[in-house]
1. How many residues does the range 17-48 contain that are open to solvent by less than 60 Å² (accessible area, probe 1.4 Å), more than 23 Å from residue 5 (Cβ to Cβ) and part of a helix (DSSP H, G or I)?
2. Would you confirm, using the coordinates I've provided, whether residue 64 is within 12 Å of the chain's Cα centre (by Cα) and outside any loop (DSSP other than H, G, I, E, B)?
Amino acid sequence: PPDWATSPSAYLAFGDTYATEIEFARARGWPVMVLAGGHMHFLHEPATVAQRVLDLEAAMAVDELQR
């Protein structure tokens, strides 16, 4: 959708391969976390990835409260 990037969002990157996407997210003020890993990292460390998703959700909630 045309306005997708204006919605509250967060970004979890698996490694620095996604530097362009990380910068895109940061430029929009989204919470960003980077885990050392590759494209399918969630298959290697599912619990860690799930926790980071929850951490990002919590960061979004804090950002919303501060607005």
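1. Looking only at that region, the number is 2.
2. Judged against the criteria, residue 64 is not a match.
The values are calculated or read from the model by the stated rules, or taken from the named source; none is laboratory data. Keep in mind the model is a prediction, meaning the values are calculated, not measured. Because the Cβ atoms are built from the backbone with ideal geometry, glycine has one as well, and the counts that use them run over all protein chains shown. For accessibility, only protein heavy atoms count, side chains too; no ligands or nucleic acids. Shrake-Rupley method; radii C 1.70, N 1.55, O 1.52, S 1.80 Å.
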